Amino acid sequence: MVSGLTNPQALECRECGARYPVEPLTICEECFGPLEPWYDLTAIDGVDFRKHVEAGPPTLWRYEMLLPGGPGVERVDLGAGFTPLRRAERLGERLGIEKLWIKDDSGNPSNSFKDRVVSVAITVARAFGFEAISCASTGNLANATAAHAAKVGMPAYVFCPDDLEVAKLVATEAYGAKVVAVRGSYDDVNRLCSEVAETLPWAFVNVNMRPYYTQGSKTLGFEVAEQLGWRIPDHVVVPIASGALFTKVHRAFRELITIGAVEDRPYRISGAQPGGCSPVAQAFAAGTEDVRPVKPDTIARSLAIGNPADGYYAIRIANQTGGAIDACTEDEVVEGIRLLAETEGVFTETAGGVTVAVLKRLRERGVIRPEEETVALITGNGYKTIEALEATLEPTYRVAPSLEEFLSKLSS
Ligand SMILES: *Cc1c(COP(=O)(O)O)cnc(C)c1O
Ligand SMILES: [Zn+2]
């Protein structure tokens with residue numbers, strides 16, 4: 001298969017290290033381990049890398065040296081990435097964390113971090129010559145896939161559970177994608193997509209394109225380090241659905257350290273799951289790396305993966321770095337959304353509520369110490385999951401258009 005990709009230089013098995021050509025492969029033939037893009041890091045100088053990045057566009061593609069691509073490969077680019085890293089002073093004060101940052105991915109083109117992974121996956125899919133794009137989605141991926149496909153006029157087929165949040169379904173339809181609403185959970189959708197991927201010549205961004213897709217997740221880690229002045233923080237808190245983002249934040253830091261773009265120092269990565277779907281947090285609490293699938297029942301729909309592909313690797317990384325993986329209650333999800341909105345003016349979706357709620361718990365449990373510089377990844381936008389708040393919030397005053405009535409209510 002001629003793709004024109006000069007990056008990465010190979011695919012490598014995460015388990016046994018066997019190398020494969022850069023093709024639409026996902027699994028090692030020797031040991032069934034997952035395949036990952038391999039870059040020759042010895043050929044990249046950290047100082048050159050930083051210069052190249054700083055001269056690049058204000059998007060995730062500024063990290064092109066460590067992303068799939070190459071000369072002549074046409075990017076599918078809506079401008080995802082390079083989102084704000086916000087110093088969260090008021091939230092930090094409330095939680096008792098002296099140096100707290102919010103990495104705010106809610107302002108991406110389709111309003112979640114999924115624009116990063118899709119921009120990379122569709123770019124690679126087109127280089128491979130696929131003519132249709134598809135995905136198995138918990139909602140945000142549907143939006144991102146549909147949006148990027150629209151940008152290049154590629155047919156898109158988006159599979160998702162049929163009971164998703166209205167905003168996510170409607171936006172996907174507005175972008176012109178064909179929506180396949182499946183009566184079942186995300187895990188059912190994912191299984192169906194694996195079968196479709198073997199039957200039809202489509203690129204599924206998170207199935208047969210998965211090794212390339214997760215490269216987009218690395219860019220969140222790159223950005224955190226760059227925006228801190230090429231420095232790795234003490235602690236990062238990451239929401240977990242499949243666990244891919246979690247593992248790739250670690251990978252990003254390792255790559256930056258290996259090429260010498262940042263100083264090697266200890267850091268910890270902690271994970272956040274909602275109580276109604278917390279298979280990774282449960283395994284972590286039980287002291288095992290063996291993740292038992294669950295049947296999701298949570299308002300954090302974007303994190304509702306009952307059988308997370310990277311759960312095992314997430315636990316290993318949490319243990320290796322001294323982090324923790326914890327879950328919050330469903331009520332705490334809503335409290336987390338409100339706490340972030342009230343203190344920082346950032347309105348996040350349920351996944352962000354989970355991250356903030358678990359951040360709070362980890363601080364209360366002493367896992368995060370007050371003086372640890374901490375970054376929380378806020379991965380989606382609150383306008384997509386209004387349902388979560390509708391029942392709890394309403395106007396403070398209801399009045400006729402009368403000054404008298406308003407003043408009397410105000411003082412009562
Ligand atoms: C998909 C998603 C995640 C996490 O995804 P992983 O599958 O763990 O990589 C986090 N937040 C939001 C809003 C998402 O849509
Ligand atoms: Zn292998």
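The values are calculated or read from the model by the stated rules, or taken from the named source; none is laboratory data. None of the values given here were measured: they were computed from a predicted structure. Cβ placement follows ideal geometry from the backbone for every residue including glycine, while neighbour counts extend to all protein chains displayed.
Annotations
- Looking across the range 295-328, the residues that are assigned to a loop (DSSP other than H, G, I, E, B) and closer than 17 Å to residue 348 by Cα come down to 298, 299, 300, 304.
- Single residue of the range 97-126 satisfying the filter (β-branched (Val, Ile, Thr) and not in a loop (DSSP other than H, G, I, E, B)) that is nearest to residue 343 (Cα to Cα): 102
- Counted as qualifying within the range 329-390 are the helices (runs of 4 or more DSSP H) with 1 or more residues that are touching a Gly at 6+ places or on another chain (Cβ under 8 Å) and modelled with pLDDT of 95 or more, namely 330-344, 350-364.
- Candidate set: the range 240-258, residues that are touching a residue at least 12 places away in the same chain (Cβ under 8 Å) and over 27 Å from residue 350 (Cα atoms); chosen: the one nearest to ligand 1 (Cβ to nearest atom): 255
- Of the criteria (1) in contact (Cβ under 8 Å) with a residue 60 or more places away in the chain; (2) buried (at least 21 other Cβ atoms within 10 Å of the Cβ); (3) within 16 Å of ligand 1 (Cβ to nearest atom), which one residue 26 fails: (2)
- Of everything listed in (1) under 19 Å from residue 108 (Cβ atoms); (2) β-branched (Val, Ile, Thr); (3) part of a strand (DSSP E or B); (4) out of contact with any helix residue (DSSP H, G or I) (no Cβ under 6 Å at 6 or more places or on another chain), the single unmet condition for residue 170 is (3).
- Scan of the range 193-213 for residues that are among the aromatic types (Phe, Trp, Tyr) and more than 20 Å from residue 183 (Cα to Cα), ordered by number: 202, 212, 213
- As for the range 38-56, it holds no residue that is touching a helix residue (DSSP H, G or I) at 6+ places or on another chain (Cβ under 9 Å), more than 16 Å from ligand 1 (Cβ to nearest atom) and part of a strand (DSSP E or B).
- Residues of the range 129-167 classified as over 16 Å from residue 200 (Cβ atoms) and in a strand (DSSP E or B), total: 2
- Some residue of the range 60-74 being farther than 27 Å from residue 225 by Cβ and at pLDDT below 95: yes
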